[in-house]
Every structure is written in structure tokens, then in C-alpha cells.
Protein chains: 2
Amino acid sequence: MAETATRAPRWLSDDEQRAWRAYLQATRLLAEHLEAQLQRDSGMPHAYYEILVTLSETPERRLRMSELAERTRSSRSRLSHAVARLEEAGWVQRANCAEDRRGAFAELTDDGFAALVEAAPGHVEAVRTHLIDQLTPEQVSQLQAISEAVLAGLERAGVDTGCPMGSNS
Amino acid sequence: MAETATRAPRWLSDDEQRAWRAYLQATRLLAEHLEAQLQRDSGMPHAYYEILVTLSETPERRLRMSELAERTRSSRSRLSHAVARLEEAGWVQRANCAEDRRGAFAELTDDGFAALVEAAPGHVEAVRTHLIDQLTPEQVSQLQAISEAVLAGLERAGVDTGCPMGSNS
């Protein structure tokens, strides 16, 4: 029979099912809540906040687009779209580097830095209140290990997790 | 000074920061990947899949809208929108119950059940491959406890996690 060649579905056990549903609901509700908080208080989506933070942490407040994609683990299309919108807002500017042909840079403007300084306290408070404060320090470590295992698995599977952009090779 | 009344931002420690960013990136990438899988293979968003599963697990394949909102932890507007789209697809039908004024029901149709049977093996395989298989059984338990703590915290904070709909009170 043809079915012998088809692997039977590996259904989840009751324990796995419970863990998966709790995870799914917690991540969705937390993401929706933090998104609403940032939009309401600072007029920006969470994804844009991540980009501003990442740029602000570099010495020159700028990164090659490929590097920014890797650090935020964004796909090429997702990042390009976000940076275009951040340019319109005057929070990021694109710059080309004459002596370096490896691609364009994204640079945090003074307005962008000011927007980040304004947004950060409220956002960090929300992250702390709804995630960190709910967990023991041990659970915070567990969450990091679990998240890193999932990320490593997605990368091994070839899922686009921010591969280099603008390469000439 | 007015500032004395303002609590200083409770910034994240380095460990908390690392855990938060790994969590943020893992959940986003996993959600994007599973969303793409379901859209590509079964033509439905993940949120609709959850509704079909939830209805399929009841004896009569139907639930009062308020109960469906609670079980999927959806807000009123989110659920109403999704059920309207599922009705258009012919996968769910709404029904009113004459002897029960506590609200309308959503009922899984035979077409909806068939769509779910078709979608489930590929989706469960993706969840297993990219989440469960990446973790030890102990980590699966940890993830459940962490997720339930976050959900309980959001509920205590009054975040809309699927409160009753259609009540006459």
C-alpha cells in the first residue's frame, strides 16, 4: 500500500499539547499587549522600536543593512520596509559608503534617538511587568535556553532569520 | 521636585535583556514560519486553524461565542472578525438558540471539519519539528509553566484575554 511510504502524523501528547497551547496564547497576548502599549504611548510598532534600539547600541549609531538584519533577525523584505518607514518618520537615514561597496548603512538620527529615549522607560516597564516580574530568575534562564534552542533549530532548518543582505559576492 | 514622584525606569539586567531578546526573536520567527506553513499548505491563517480545532474538540462541534473566545483567549473583536471570515469560507456557521438567550453559537460545518482534517498533519509536524523536537521533555514542562505564569499575570492585570461576550447582564 502507498500509505506505508507516508509517515504517520506525529501527533502531540497531552502534555505537549498543553505546553504548546499555553505558549501560543501567552506569546500572542503578550505581543498584542506590548504592541498596543508602544503604539499608544510612543506611536511606533514594536518592530521599529527594535531597530532603533539596535542602532542606538552601536558606537556610531549606524549599521550596515545586512548587519542590522542579522542583529534583529529580520528578513530582507521585512527590514527594508521598516527602514523605509523609519526614514519617512525622520528617525533613520540611509547612507552609502564610498570606500565600502558591501552595502548601504542605516543610521539613527537625533530625532530617532530622542524618540527612543522617550519610548524606552514605558516599554521596558511593560516588558518587566508582564514577563520578567511573572517569572523566577531560574525561569528567566530557562526561557533564554528554550528560545535559543528554537532559534538554532530554525536556522538549521534554513528558515530566513536575517541572512546577509546587499552582498556583492 | 516633581521627579521624586516618578519611579525610575526599572531597566533590564544583562541576563534579563538576553532572555527577553532571545524570546522575542524566537517567538516572532516561529510564529512567522508556522503562519507561512498554514497559509501555503492549507490556505488559512493560524488564528482560524485554532478556532476550527477548538470547535472540533467539543461533542457537538459547536460553542457559544463567549466560550469560544475564552478557550482561544481571543478578544471580542478579533473573534467576531475571524468567525465572519470562516462563515464566508463555509467552514463555520452561526446559529441562534431559541431557548438560550446567552448568545449565538459558532458551529463547525462538515466542510470546516474536512479542511481541518486536511490541514492538521502538516501543521502538527511543523510545530513538532520547530518547537517540541528542539526541547527536552523537561524544557517542554518549563515552557508550559512559564507560559501559564505569563497568562495569569496578564489576566490579573486586566488585559483582555477572552472575557465573556454576548452577556445580557
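The values are calculated or read from the model by the stated rules, or taken from the named source; none is laboratory data. This structure is a prediction, so every number in the text was calculated from the model and none was measured. Methodologically, a virtual Cβ is constructed for each residue, glycine included, from the backbone with ideal geometry; neighbour enumeration extends over all protein chains shown. Note: areas computed on protein heavy atoms with side chains; ligands, DNA, RNA excluded. Shrake-Rupley method; radii C 1.70, N 1.55, O 1.52, S 1.80 Å.
A few points about this structure:
- Residue count for the range B:52-68, restricted to those that are over 20 Å from A:Trp20 (Cβ atoms) and assigned to a helix (DSSP H, G or I): 3.
- Matching residues in the range A:62-75 - criterion: being in contact with a helix residue (DSSP H, G or I) (Cβ under 6 Å, 6 or more places away or on another chain) and open to solvent by 60 Å² or more (accessible area, probe 1.4 Å): A:Arg71
- Any chance B:Ala114 is at pLDDT 95 or above, in a helix (DSSP H, G or I) and either in contact with a helix residue (DSSP H, G or I) (Cβ under 8 Å, 6 or more places away or on another chain) or open to solvent by less than 30 Å² (accessible area, probe 1.4 Å) (or both): no
- The one condition in (1) over 30 Å from A:Leu34 (Cβ atoms); (2) buried (at least 16 other Cβ atoms within 10 Å of the Cβ) that B:Pro59 fails to fulfil: (2)
- Taking the criterion of being open to solvent by 20 Å² or more (accessible area, probe 1.4 Å) and either in contact with a His (Cβ under 6 Å, 6 or more places away or on another chain) or modelled with pLDDT of 95 or more (or both), the residues of the range B:94-111 that qualify are B:Glu107, B:Thr109, B:Asp110, B:Asp111.
- Filter pass, A:Thr6 being open to solvent by 30 Å² or more (accessible area, probe 1.4 Å) and either at pLDDT below 95 or facing chain B (nearest Cβ under 9 Å) (or both): yes
- Between B:Ala89, B:Ala69, B:Ala84, the distinction of being more than 30 Å from A:Ser74 (Cβ to Cβ) and under 14 Å from the mean Cα position of the chain (by Cα) belongs to B:Ala69 only.
- Against the numbered list (1) among the small types (Gly, Ala, Ser); (2) open to solvent by 20 Å² or more (accessible area, probe 1.4 Å); (3) at pLDDT 95 or above; (4) over 26 Å from B:Ser42 (Cα atoms), B:Gly90 comes up short only at (4).
- Among the conditions (1) out of contact with any His (no Cβ under 6 Å at 6 or more places or on another chain); (2) surrounded by 18 or more Cβ atoms within 10 Å (Cβ to Cβ), the only one that B:Arg78 does not satisfy is (2).
- Listed by first and then second residue, the pairs with beta-carbon distance under 9 Å, at least 6 apart or on different chains, first residue in the range A:131-156 and at the interface with chain B (Cβ under 7 Å from one of its Cβ atoms) and farther than 24 Å from B:Arg10 by Cβ, second open to solvent by 40 Å² or more (accessible area, probe 1.4 Å) and of a type in the set (Val, Ile, Thr), are A:Ala149/B:Thr136; A:Gly153/B:Thr129.
- Odd one out for B:Glu16, checked against (1) at the interface with another protein chain (Cβ under 10 Å from one of its Cβ atoms); (2) at pLDDT 95 or above; (3) within 18 Å of the chain's Cα centre (by Cα): (3)
- For the range A:58-95, a residue qualifies if it is in contact with a Gly (Cβ under 6 Å, 6 or more places away or on another chain) and among the acidic types (Asp, Glu), and exactly one does: A:Glu70.
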